[in-house]
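A.B. asks: Supplied in structure tokens, the structure appears directly below.
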Amino acid sequence: MKLTIIATAVWALSFQAFSAVAEDAGWDQVPGILKRIAPPTFPAHNYVITDFGAQAGGPDCTTAIAAAIDDCAKKGGGHVVIPAGEFHTGAIHLKSNVDLHLEKDATLLFSADPKAYLPAVFTRFEGIECYNYSPLIYAYGEKNVAVSGEGTLDGQSDATTWLKWKGQKGGTQNQNVARKRLDDMNNNDVPVDQRRFGDGDYLRPNFIQFNHCQNVMVEGVHIRRSPMWEIHPLLCTNVVVRGVDIMSHGANNDGCDPESCRDVLIEKCTFDTGDDCIAIKSGRNDDGRRVGMPSVNLIVRDCTMRDGHAGTAIGSEISGSCSNVFVENCEMSSPNLVCALRLKSNAMRGGVLQNIYMRNCNVGLVKDSVLQIDFLYEEGPRGKYDPIARNVVMDHITVAQTPRVLNVRGFPAASITGVRILNSTFKQIKNPDVVLNADVKLVDCTTEKAE
């Protein structure tokens, strides 16, 4: 937990102080944020895994990849290279100053055997701290780490392996019992060291997780068949996710989930997912409030969103709050894309969601609405931590087809204020907007009903 204490001191932003932050300077902040964000750099030394015993199409290469990473880190850093070919592996743990680089036509095939991701590591499962299966690619407390290249990361997840753990009806191998046990531990303040999960608990690992890291990057790679969340920066500063192509349609297959992170840039990525394309988070319920790390200063630009619940979502594990999100110049369209922008929480999770901006986005088709704010999500008003959304601004959004513009659902004790949509065009509208217990305004917008 030492790193958590250090991060708290550096950020110096408690939940109470965060809640009192006034409206910010809007888009004028973006140049300053971008100036702080820089991808990590690495010495020009290559450590090719075949030099450490890995064989394309051969036996498991986990040991060879680990040896290459160790040698690279000991000698001051560089690039651990996956050459062209298919290589089988289990969990990969990165170290400081190491870039895991996949050359064109290289594929890492990750084992579907859960034992390949043991022993358990310190992580979060759906926003709750615990010890669980290692993410397929993992780093904890490291600086200057990356996954890059033109190759493919294939989690080999399907309905016969990881995905059946989601909890299909009638199944015996599913997460339901352990997930409830972990949730109860969170709500009852059980010490994190006692929250031990793994074999027989069926809590799926994330694909890539940088945990308590600084200066991290995921660039260029193709990600397929993830067990769960695909890219999960957790309690990180200075994060770049660039040019990544994600196609993974399993349950909870969020594309990128920056959680309790500061200074994040997500750009030029393509998301085709089974859940939110991008979901910004900050911990669930008491854990989010205890750790007290909001997600702050996140820029999303020039991305393409296809299938998914939302193009950009904030929540639902957002108990540590979120501020200063900037989304621009994105293309979104799919009959399975629920909405362009989504905020979700409830009175168990709470959180302050403020200063959220989206502009110059072209939306072809969405399934439900352009803007969705759902504070009736799951437990809804049943709790004592009423969520707050304020200063949410969408500007110059062009939508070719949407059932409705707004689906905003609050409750009297919650607060949804300063929600504005400006200078936007919405076509092929079939249904009336839904606005409950919220202050929402459309200014200088054009709406056209479907014939």
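A.B. asks: Cβ-Cβ below 6 Å, separation at least six or inter-chain, first residue in segment 341-369 and more than 21 Å from Asn423 (Cβ to Cβ), second charged (D, E, K, R) and part of a strand (DSSP E or B): which pairs?
C.D. replies: Lys344/Asp374; Gln354/Arg390
A.B. asks: So, Asp199, is that one touching a Leu at 6+ places or on another chain (Cβ under 7 Å), surrounded by fewer than 17 Cβ atoms within 10 Å (Cβ to Cβ) and assigned to a loop (DSSP other than H, G, I, E, B) or not?
C.D. replies: For Asp199, the condition - touching a Leu at 6+ places or on another chain (Cβ under 7 Å), surrounded by fewer than 17 Cβ atoms within 10 Å (Cβ to Cβ) and assigned to a loop (DSSP other than H, G, I, E, B) - is met.
A.B. asks: Next up: Show the residue pairs that are 6+ apart or on different chains and have beta-carbon atoms under 7 Å apart, the first residue being within segment 306-327 and without any contact (Cβ under 8 Å) to a residue 40 or more places away in the chain, the second being of a type in the set (S, T, N, Q) and not in a loop (DSSP other than H, G, I, E, B).
C.D. replies: That search, which allows pairs on different chains as well, returns Val327/Thr312.
A.B. asks: If I go through segment 33-47 residue by residue, how many of them are over 29 Å from the mean Cα position of the chain (by Cα) and among the aromatic types (Phe, Trp, Tyr)?
C.D. replies: Total satisfying the criteria: 1.
A.B. asks: Another question about this same structure. Among the residues of segment 202-238, write down those that are more than 20 Å from Gly151 (Cβ to Cβ), assigned to a strand (DSSP E or B) and in contact with a His (Cβ under 8 Å, 6 or more places away or on another chain).
C.D. replies: Hit for segment 202-238 is Leu234, nothing else.
A.B. asks: Working carefully through the options Asp287, Asp272, Asp254, find the one that is surrounded by fewer than 23 Cβ atoms within 10 Å (Cβ to Cβ), modelled with pLDDT of 95 or more and not aromatic (Phe, Trp, Tyr).
C.D. replies: Asp272
A.B. asks: Give segment 101-140 a look and list any residue that's of a type outside the set (Gly, Ala, Ser) and out of contact with any strand residue (DSSP E or B) (no Cβ under 7 Å at 6 or more places or on another chain), or say none.
C.D. replies: Lys104, Asp105, Asp113, Pro114, Lys115, Tyr117, Leu118, Pro119, Glu126, Ile128, Glu129, Tyr133
A.B. asks: Moving on to the next point. May I ask you to list the residues in segment 82-127 that are under 30 Å from Asp287 (Cα atoms) and aromatic (Phe, Trp, Tyr)?
C.D. replies: The answer is Tyr117, Phe122, Phe125.
A.B. asks: Further question: For segment 184-191, state whether one or more residues are under 20 Å from Pro119 (Cα atoms) and either at pLDDT below 95 or among the hydrophobic types (A, V, I, L, M, F, W, C) (or both).
C.D. replies: No, there is no match, as no residue in segment 184-191 is under 20 Å from Pro119 (Cα atoms) and either at pLDDT below 95 or among the hydrophobic types (A, V, I, L, M, F, W, C) (or both).
A.B. asks: When only residues in segment 141-169 that are out of contact with any strand residue (DSSP E or B) (no Cβ under 9 Å at 6 or more places or on another chain) and of a type in the set (A, V, I, L, M, F, W, C) count, which is farthest from Asn97 (Cα to Cα)? Don't jump to the end; show me each part of the working.
C.D. replies: The first filter runs over segment 141-169 and keeps only residues out of contact with any strand residue (DSSP E or B) (no Cβ under 9 Å at 6 or more places or on another chain), leaving 158-169.
From the residues that got through so far, the ones that are of a type in the set (A, V, I, L, M, F, W, C) too are 159, 162-163, 165.
Details: Ala159: 36, Trp162: 31, Leu163: 33, Trp165: 35 Å.
Only one residue tops the list, namely Ala159.
A.B. asks: Shifting gears a bit: Could you list, in sequence order, all residues of segment 364-381 that are of a type in the set (A, V, I, L, M, F, W, C), in a strand (DSSP E or B) and either more than 28 Å from Glu448 (Cα to Cα) or more than 21 Å from the chain's Cα centre (by Cα) (or both)?
C.D. replies: Passing the criteria: only Leu365.
A.B. asks: What are the residues in segment 79-93 that are farther than 17 Å from Pro119 by Cβ and either among the β-branched types (Val, Ile, Thr) or crowded, with 20+ Cβ neighbours inside 10 Å (or both), if any?
C.D. replies: Applying the first criterion (farther than 17 Å from Pro119 by Cβ) to segment 79-93 yields 79-88.
Scanning segment 79-93 gives His79, Val80, Val81, Ile82, Phe87, His88.
A.B. asks: Of these, Lys104, Lys143, Lys95, which one is of a type in the set (D, E, K, R), within 24 Å of Gly58 (Cβ to Cβ) and at pLDDT 95 or above?
C.D. replies: From the options Lys104, Lys143, Lys95, the qualifying one is Lys104.
A.B. asks: I'd like the full set of residues that are out of contact with any Pro (no Cβ under 8 Å at 6 or more places or on another chain) and either farther than 13 Å from Val221 by Cα or part of a loop (DSSP other than H, G, I, E, B) (or both), limited to segment 239-255.
C.D. replies: Gly243, Val244, Ser248, His249, Ala251, Asn252, Asn253, Asp254, Gly255
A.B. asks: With Arg195, Arg224 as the choices, which residue is within 27 Å of Asp105 (Cβ to Cβ) and among the basic types (Lys, Arg)? Explain how you work it out, then say what you get.
C.D. replies: Working: Arg195 fails: within 27 Å of Asp105 (Cβ to Cβ).
Matching residue, one of Arg195, Arg224: Arg224.
A.B. asks: Just give me the residues in segment 216-251 being over 25 Å from Asp287 (Cα atoms), without any contact (Cβ under 8 Å) to a residue 40 or more places away in the chain, buried (at least 22 other Cβ atoms within 10 Å of the Cβ) and touching a Lys or Arg at 6+ places or on another chain (Cβ under 9 Å), in sequence order.
C.D. replies: Once the filter is applied, which keeps residues that are over 25 Å from Asp287 (Cα atoms), without any contact (Cβ under 8 Å) to a residue 40 or more places away in the chain, buried (at least 22 other Cβ atoms within 10 Å of the Cβ) and touching a Lys or Arg at 6+ places or on another chain (Cβ under 9 Å), segment 216-251 yields Val244, Ile246.
A.B. asks: Here is a further query. Just to verify a result, which residue in segment 433-451, among those that are surrounded by 11 or more Cβ atoms within 10 Å (Cβ to Cβ) and not in a strand (DSSP E or B), is modelled with the lowest pLDDT?
C.D. replies: Checked segment 433-451; the qualifying residue modelled with the lowest pLDDT is Ala450.
A.B. asks: How many residues does segment 174-184 hold that are under 23 Å from the mean Cα position of the chain (by Cα) and either among the β-branched types (Val, Ile, Thr) or closer than 11 Å to Asp286 by Cα (or both)?
C.D. replies: Counting residues in segment 174-184 that are under 23 Å from the mean Cα position of the chain (by Cα) and either among the β-branched types (Val, Ile, Thr) or closer than 11 Å to Asp286 by Cα (or both) gives 1.
The values are calculated or read from the model by the stated rules, or taken from the named source; none is laboratory data. Quick caveat, the model's predicted, so the values are computed rather than measured. Here Cβ is always computed from backbone atoms with ideal geometry, including for glycine, and neighbour counts include all displayed protein chains.
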